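> Sharing a structure below in structure tokens format, with a few things to ask.
The values are calculated or read from the model by the stated rules, or taken from the named source; none is laboratory data. Keep in mind it's a predicted model, so treat the numbers as computed, not measured. Cβ coordinates were reconstructed from backbone atoms using ideal geometry, including for glycine residues, and neighbour counts include every protein chain displayed. Protein only, heavy atoms only, side chains kept; ligands, DNA and RNA dropped before computing areas. Shrake-Rupley method; radii C 1.70, N 1.55, O 1.52, S 1.80 Å.
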Amino acid sequence: MSGIVVLDEAAVQRLLRYQDLIPAIERALADLSAGRVVQPVRSVLPVAQHQGFFGVMPAFAGALGAKLVTFYPQNVGMHTHHAVIVLFRPETGEPLAMMDGRLITEMRTAAASAVATQRLARREASVLAILGSGVQAKSHLEALRLVRPFSEVRVWSPRHAQALAERHGVKATASPEDAVRGADVVVVAVSSRVPVLFGRWLSPGTHVNAIGATRPEWRELDDEVLARARLYVDSREAATQESGDVMAAPEVVAEIGEVVAGVQPGRRDALEITLFKSVGVAVEDVAAAALVHDKFLQSGARDA
């Protein structure tokens, strides 16, 4: 155990960049859809006394590891998600590294949406709408700007939208409808258990990334969104068990990894509405942690 690498959030932040992470998540999702990943659906333990959840998320995909994650949606003045990720040497089972997983969770979620946006949004997409003003709003703004050259970004949130807008030089709107109408790409990053995005607001050709409501009884999209959109997911197995939105949808068209691999089509024309519903899967965390570990080892070699 003395040789295990321990990295806190500040160290992860120094080592992890979207330019490296997005391709790594793209490969991980393609491997998942191709059956090259061993990964059970996450095990979730309710901590009902404190209105929280504790999740265990292992995966083997060349790299071997697991994320332990908590989700406390009622937290005020601190993050709602906290996590640690542990990596092991696949050949012997020896522990290699333990690192803070909160930032990795934040960044890999946005990176997965960037993969979906790259494959599903119209190439000329220029208007981005973000519902939410927390860490996922910020991370999606950064990641999606790497795959589409947005000329206008609108944000709405029940709280703090103006602060986010001023900090990042974007436009705050008075309502979610004002943000969404006419947008080419929409991100739903609001912690909600009831729909906050309505299908009547969506223009033909819109692409939606929806990343919340990851419990069977929760929804963030109304029935009209699901009826109008072609639905893609990160994992059929996970999404059909964990997402109330996916359970209510007419069908899942494909996993985004199948689109990356070219075995399923992405966007077919300029008018269809596409939807990527992300519940977050362990292979994303392990792939991101392996990338951080590799960067750490490389930095050590440079410093030696």
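> Using the C-alpha atoms of the chain, what convex hull volume per residue, in cubic angstrom, is computed? Intermediate results must be reported in sequence, preceding the final value.
Details: hull volume 41.6 nm³, N = 304.
Each residue corresponds to 137 Å³ of Cα convex hull volume.
> Tell me, what % of the accessible area of the stretch 55-171 is carbon and sulfur with a 1.4 angstrom probe? Present the calculation step by step, with values, prior to reporting the outcome.
Values: 2780 of 5040 Å².
Carbon-and-sulfur percentage of accessible area, whole number: 55.
> Can you compute the helix-only [θ] at 222 nm over the chain? Use -39500 (n - 2.57) per DSSP H run of at least 4 residues, normalise by all residues, nearest 500 deg cm²/dmol. Write down the numbers at each step before the final one.
Working: 11 runs with 111 residues, N = 304.
After summing the helix terms and dividing by the residues of the chain, the value is -10500 deg cm²/dmol.
> Right, next: Which of P195, P265, T240 sits closest to the plus end of the dipole of the stretch 176-304, meaning its Cα is farthest towards the positive end, when Lys and Arg get +1 and Asp and Glu get -1 on the C-beta?
The Cα lying farthest towards the positive end belongs to P265.
> Could you tell me how many cubic angstrom of Cα convex hull volume the stretch 45-112 has per residue? Don't skip to the end; give the middle numbers.
Details: hull volume 6.8 nm³, N = 68.
Given the Cα convex hull of the stretch 45-112, per-residue volume reads 100 Å³.
> For the chain, what is the relative contact order in percent, using Cα pairs closer than 8 Å and at least 6 residues apart in sequence?
Numbers: 689 pairs, mean separation 62.6, N = 304.
After rounding, I find 21 percent.
> So for the stretch 115-274, what percent of the C-alpha to C-alpha distances run longer than 27 Å? If you can, show how the numbers build up before the last one.
Details: 2132 of 12720 pairs.
Summing the P(r) of the stretch 115-274 above 27 Å gives 17 percent of all pairs.
> If you don't mind, another one. Would you please report the Å³ per residue occupied by the convex hull of the alpha carbon atoms in the stretch 196-304?
Working: hull volume 14.7 nm³, N = 109.
Hull volume normalised by residue count: 135 Å³.
> Still on this structure: Output needed: percent of Cα pairs per 5 Å distance bin for the stretch 122-214, bins running from 0 to the one holding the longest distance.
3, 15, 29, 27, 18, 6, 1
> Per q in 0.18 1/Å, what log10 I(q)/I(0) does a Debye calculation on the alpha-carbon atoms of the stretch 209-271 return?
These q points yield log10 I(q)/I(0) values of -0.64.
> No solvent, one uniform scatterer per C-alpha: report log10 I(q)/I(0) for the stretch 1-55 via the Debye equation at q = 0.23 1/Å, two decimals.
Those come out to -0.94, one per q.
> A further question on this structure: Within the chain, which complete DSSP H helices have Cα atoms spanning at least 24 Å along the helix axis and a mean Kyte-Doolittle hydropathy of -0.5 or higher? Spell out each step's value before the answer.
On the way: long enough: 102-120 (27 Å, 0.20); 282-303 (31 Å, 0.16).
Long hydrophobic helices here: 102-120, 282-303.
> What is the local net charge at Q264, summed over the other residues whose Cβ is closer than 14 Å to its Cβ (Lys, Arg +1; Asp, Glu -1)?
Working: positive: R119, R230, R236, R267, R268; negative: D234, E251, E255, E258.
Value of the local net charge: +1.
> If you don't mind, there's one more thing I want to ask. Just how many pairs of Lys in the chain have C-alpha atoms closer than 21 Å, counting pairs that are eight or more places apart or on different chains? Don't skip to the answer; put the middle values down first.
Numbers: K67/K277; K67/K295; K138/K171; K138/K277.
Lysine pairs, 8 or more places apart or on different chains, close enough: 4.
> What are the radius of gyration and Dmax of the stretch 85-176, computed over its Cα atoms and given in Å?
So, for the stretch 85-176, Rg and Dmax equal 16.8, 56 Å respectively.
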